[in-house]
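Accompanying notes for the structure given below.
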Amino acid sequence: MTPFTYARAQDAQTAIQLAGAAPAARYLGGGTNLVDLMRETIETPDALVDVTGLSQAIEARDDGSILIGAAVKNTALAAHRAVRQHFPLLSRAILAGASGQIRNMATVGGNILQRTRCLYFYDDAARCNKRSPGAGCDAREGFNRMNAILGASDACSATHPSDMCVALAALDATLHLAGAEGTRRIKLVELHRLPDDQPDIETILRPHELITAVELPALPFAARSTYRKVRDRASYAFALVSAAAALDVAADGTIRDVRLALGGVAPKPWRAFKAEAMLRGAPATAAAFRTAAEAELAEAVGLSGNSFKIELAKRVITATLTELAGGVA
Amino acid sequence: MRFIVNGQHVEAVFDLRTSLLDLLRDHLGLSGSKKGCNQGACGACTVLVDGERINACLALAVQYQDRAINTVEGLSEPGALHPLQSAFLEHDGFQCGYCTPGQLCSAIAMAAELSRGVPSAVTVDLAAETIALSHDELRERMSGNLCRCGAYNGIVEAITETFSPQKSAQEAA
Ligand SMILES: Cc1cc2nc3c(=O)[nH]c(=O)nc-3n(C[C@H](O)[C@H](O)[C@H](O)COP(=O)(O)OP(=O)(O)OC[C@H]3O[C@@H](n4cnc5c(N)ncnc54)[C@H](O)[C@@H]3O)c2cc1C
Ligand code: FES
Ligand code: FES
């Protein structure tokens with residue numbers, strides 16, 4: 001690790017000021033990703049601003065929305081009664097990630113801004129366009145089982161590894177941001193960029209912009225929702241493919257509304273807008289789910305070691321929605 | 001900087017880059033917590049902070065000033081064993097023992113999470129007020145602690161006997 005200064009902020013204004021005073025400052029949540037990357041000298045901040053003292057409140061409002069402070073721990077969010085009751089897909093997505101220990105440390109803000117687990121990003125003997133722009137990419141011909149099939153570019157196929165964010169994308173969560181230029185709100189699905197030829201620029205955040213809270217708009221039908229994750233071992237592994245979904249089926253069996261997002265397949269939490277649009281008004285049948293899945297994956301491109309994910313993603317989508325529709329999958 | 005380790009107030013001077021694990025082992029002489037992977041992947045370094053389990057290898061020590069940290073050394077009085085430690089002995093919950101301090105701390109906090117009603121990835125009913133320590137629940141909740149020797153059967157038996165004695169008796173019958 002390279003040396004750094006450390007300061008703790010109890011509020012957003014102080015955090016932004018502290019970060020603004022050092023050119024390469026980083027906010028520090030639970031440190032479960034940042035400390036690891038600093039140890040590998042992939043991240044070399046000159047200052048750490050500890051933001052675990054920011055709001056840890058979870059506010060379930062009368063209108064059905066929930067406001068979540070950025071410093072809320074992953075365990076606390078997954079265990080919260082209102083989240084379990086009204087947004088079970090979010091509890092399930094968080095609980096499907098990492099381990100009990102890591103979920104106790106990890107914050108909501110840090111989870112959203114965690115970096116890819118692409119092996120070549122972590123290995124500084126390898127070429128990686130994300131780590132060193134223009135260096136090339138060893139994942140293309142290398143071990144790319146975990147890499148993206150949607151939204152990738154020639155320059156980079158690294159995935160965004162978060163489970164929680166897949167549920168947040170399905171729920172159309174809003175992020176509250178604060179920075180030197182004031183506060184603003186953006187949708188979580190707008191936060192992460194696709195790599196194109198600049199994979200080192202991962203989000204639309206401005207320098208030292210802070211996530212202060214995450215807001216879940218009310219979505220009554222999300223009470224019927226779930227998260228399904230397929231991985232190489234039963235627990236404590238990143239997703240090969242995952243799906244977060246909520247389904248609202250009318251009495252006559254047609255789909256009134258649906259939310260669907262995918263994990264493990266793209267450089268960002270992948271909201272399946274195409275599949276959702278096809279499904280609204282369609283019958284809630286496995287055949288319709290499969291057709292929508294085919295459409296969502298139509299532009300998927302496999303690499304040497306991850307083409308299996310294209311069919312896997314279709315099956316995961318179909319199985320997840322079939323389960324929510326009351327069928328067995 | 002001040003810390004509360006196993007109930008004792010301690011002062012330590014260290015480089016800011018020091019992890020909580022290195023602080024405990026190298027500065028405070030508490031070598032019970034182990035360094036397996038040093039990257040969050042094995043659980044050998046699991047300690048308790050205010051009763052919650054964390055991976056000390058991923059924690060910068062500076063972040064845990066003034067917090068109550070408990071390690072395997074603090075689970076029982078010197079010369080005595082925590083009931084879970086006795087159960088590990090009885091059920092052969094280890095071979096080399098390298099993962100054991102982490103397993104012990106993790107299991108104790110895991111049982112506390114369960115009694116608070118924290119769900120897991122295998123909890124069928126998220127609305128449930130109480131969750132029983134089934135075989136599946138136990139294995140899922142302990143998945144952050146690997147054992148290279150594969151002593152899992154003994155580990156599961158020891159934890160079951162300690163935290164779900166009824167179930168353990170049923171299985172024995
Ligand atoms: C062994 C292992 C297995 C894992 N498995 C999974 C898994 O299966 N699924 C999964 O989803 N995740 C998994 N993770 C990743 C884990 O979820 C993340 O490391 C964690 O969520 C990061 O949160 P943190 O608070 O520790 O972030 P930190 O490491 O503290 O920070 C991460 C990034 O976020 C920035 N940041 C933090 N807070 C803010 C804020 N409020 N505003 C702006 N920027 C901020 C930091 O500057 C840093 O760049 C795993 C991690 C490990 C080590
Ligand atoms: S040493 Fe900390 S998890 Fe392996
Ligand atoms: S007993 Fe050897 S690693 Fe678990």
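Residues that are open to solvent by less than 20 Å² (accessible area, probe 1.4 Å), within 16 Å of ligand 1 (Cβ to nearest atom) and not assigned by TED's automatic domain parsing to the domain that holds B:Tyr152 number at least 1 in the following strands (runs of 3 or more DSSP E) confined to region B:1-109: B:46-49, B:52-55.
Could you please let me know if B:Ser120 is within 16 Å of ligand 2 (Cβ to nearest atom), within 13 Å of chain A (Cβ to nearest Cβ) and polar (S, T, N, Q)? Break it down into steps so the answer makes sense when it comes.
Working: within 16 Å of ligand 2 (Cβ to nearest atom): no; within 13 Å of chain A (Cβ to nearest Cβ): yes; polar (S, T, N, Q): yes.
No; evaluated as a whole, the condition is false for this residue.
Quick check, is A:Gly31 at positive phi, within 12 Å of chain B (Cβ to nearest Cβ) and surrounded by 22 or more Cβ atoms within 10 Å (Cβ to Cβ)? Step through it out loud before you land on a result.
Values: at positive phi: yes; within 12 Å of chain B (Cβ to nearest Cβ): yes; surrounded by 22 or more Cβ atoms within 10 Å (Cβ to Cβ): yes.
Answer is yes for this residue.
Would you pick out the residues in region A:34-44 that are open to solvent by less than 30 Å² (accessible area, probe 1.4 Å) and within 11 Å of chain B (Cβ to nearest Cβ)? Result: A:Leu34, A:Val35, A:Asp36, A:Leu37, A:Met38.
When A:Ile68 is tested against (1) within 13 Å of another protein chain (Cβ to nearest Cβ); (2) touching a residue at least 12 places away in the same chain (Cβ under 8 Å), only condition (1) is not met. Only one of the numbered conditions (1) open to solvent by 40 Å² or more (accessible area, probe 1.4 Å); (2) in contact with a helix residue (DSSP H, G or I) (Cβ under 9 Å, 6 or more places away or on another chain); (3) of a type outside the set (D, E, K, R) is violated by B:Leu126, and that is (1).
Among the criteria (1) more than 16 Å from ligand 2 (Cβ to nearest atom); (2) open to solvent by less than 10 Å² (accessible area, probe 1.4 Å); (3) assigned to a loop (DSSP other than H, G, I, E, B); (4) within 11 Å of another protein chain (Cβ to nearest Cβ), the one A:Gly53 does not fulfil is (2). Looking only at region B:56-101, residues that are of a type in the set (Gly, Ala, Ser), without any contact (Cβ under 8 Å) to a residue 60 or more places away in the chain, away from ligand 3 (no atom under 16 Å from the Cβ) and more than 14 Å from chain A (Cβ to nearest Cβ) come to 4 in all. Would you be able to tell me the number of residues in region A:14-61 that are in the same structural domain as A:Phe4 (by TED's automatic domain parsing) and free of Cβ contacts under 8 Å to residues at least 12 places away in the same chain? Summing the residues that are in the same structural domain as A:Phe4 (by TED's automatic domain parsing) and free of Cβ contacts under 8 Å to residues at least 12 places away in the same chain in region A:14-61 gives 4. Annotation: of all residues in region B:131-158 being away from chain A (no Cβ under 13 Å) and β-branched (Val, Ile, Thr), the one that is surrounded by the most Cβ atoms within 10 Å (Cβ to Cβ) is B:Ile155.
Search region B:32-54 for residues being within 16 Å of ligand 3 (Cβ to nearest atom) and not hydrophobic (A, V, I, L, M, F, W, C), and hand back the single one that is farthest from the other protein chains (Cβ to nearest Cβ). Of everything passing the filter in region B:32-54, B:Gly32 is farthest from the other protein chains (Cβ to nearest Cβ).
So, of the residues in region A:219-269 that are among the β-branched types (Val, Ile, Thr), open to solvent by 30 Å² or more (accessible area, probe 1.4 Å) and away from chain B (no Cβ under 14 Å), which turns out to be farthest from A:Arg280 (Cα to Cα)?
Filtering region A:219-269 for residues among the β-branched types (Val, Ile, Thr) gives A:226, A:230, A:241, A:249, A:254-255, A:258, A:265.
With open to solvent by 30 Å² or more (accessible area, probe 1.4 Å) added as a condition, the list becomes A:230, A:249, A:254.
Narrowing further to those that are away from chain B (no Cβ under 14 Å): A:249, A:254.
Details: A:Val249: 10, A:Thr254: 8 Å.
Out of the qualifying residues, it is A:Val249.
In region A:1-28, how many residues are more than 13 Å from chain B (Cβ to nearest Cβ) and open to solvent by less than 20 Å² (accessible area, probe 1.4 Å)? I'd like the intermediate steps shown before the answer.
Taking region A:1-28 as the starting set, the residues that turn out to be more than 13 Å from chain B (Cβ to nearest Cβ) are A:10-25.
Next, only the ones that are open to solvent by less than 20 Å² (accessible area, probe 1.4 Å) stay: A:15-16, A:19, A:22, A:25.
Count: 5.
Is it true that some residue in region A:63-83 is in contact with a Phe, Trp or Tyr (Cβ under 7 Å, 6 or more places away or on another chain) and open to solvent by 10 Å² or more (accessible area, probe 1.4 Å)? Within region A:63-83, none of the residues are in contact with a Phe, Trp or Tyr (Cβ under 7 Å, 6 or more places away or on another chain) and open to solvent by 10 Å² or more (accessible area, probe 1.4 Å). Looking across region A:273-313, the residues that are part of a helix (DSSP H, G or I) and open to solvent by less than 30 Å² (accessible area, probe 1.4 Å) come down to A:Ala275, A:Glu276, A:Leu279, A:Ala288, A:Phe289, A:Ala292, A:Ala293, A:Ala295, A:Glu296, A:Lys309, A:Ala313.
The values are calculated or read from the model by the stated rules, or taken from the named source; none is laboratory data. Everything numeric in this text was worked out from a predicted model, so none of it was measured. Every residue, glycine as well, gets a Cβ built from its backbone with ideal geometry; the counts of neighbours run over all protein chains shown. Surface areas here come from the heavy atoms of the whole protein model, side chains and all, with no ligands, DNA or RNA. Shrake-Rupley method; radii C 1.70, N 1.55, O 1.52, S 1.80 Å.
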